[in-house]
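Colleague: What follows is a single structure, and I will ask about it in a moment.
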Amino acid sequence: MANRKQVPEIAASTCRHVHRLIVERFDRELCPDEENRVDLHIAACHDCLVFYDQLTLIHKAMEALRQGLAG
Ligand SMILES: [Zn+2]
């Protein structure tokens, strides 16, 4: 009876996939399906949310640096 596995949407492999999408997001535009997957996942997975936040911060810092250098 207790054999019902409760595998949540957030499996380890999904985290890895989402990590990759988060990284790729800065290089290319994700399709709406991928965007959706990332959004849904980081809303429920703290690890990936932290990863996303850190990457966004780094990206912003790099962007600011580039603009500073360009000016
Ligand atoms: Zn995750």
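Where a number appears in this text, it was derived from the coordinates with a stated rule and is not lab data. Everything numeric in this text was worked out from a predicted model, so none of it was measured. Ideal geometry is used to build each Cβ from the backbone, glycine not excepted, and the neighbour counts take in all protein chains shown.
Colleague: Can you find, within the stretch 44-71, the residue that is farthest from Cys15 (Cα to Cα) among those that are more than 10 Å from the ligand (Cβ to nearest atom), of a type in the set (A, V, I, L, M) and surrounded by 11 or more Cβ atoms within 10 Å (Cβ to Cβ)?
Modeller: Looking at the filtered set, the residue picked out is Met62.
Colleague: With the requirement that a residue be touching a helix residue (DSSP H, G or I) at 6+ places or on another chain (Cβ under 7 Å) and within 9 Å of the ligand (Cβ to nearest atom), what does the stretch 11-34 give you?
Modeller: Thr14, Cys15, Val18, His19
Colleague: How do the pairs read when you match residues in the stretch 29-58 that are more than 14 Å from His17 (Cβ to Cβ) with residues anywhere that are away from the ligand (no atom under 13 Å from the Cβ), using Cβ under 8 Å and keeping only pairs 6 or more apart or on different chains?
Modeller: Partner pairs satisfying both residue conditions: Leu55/Val23; Leu55/Phe26.
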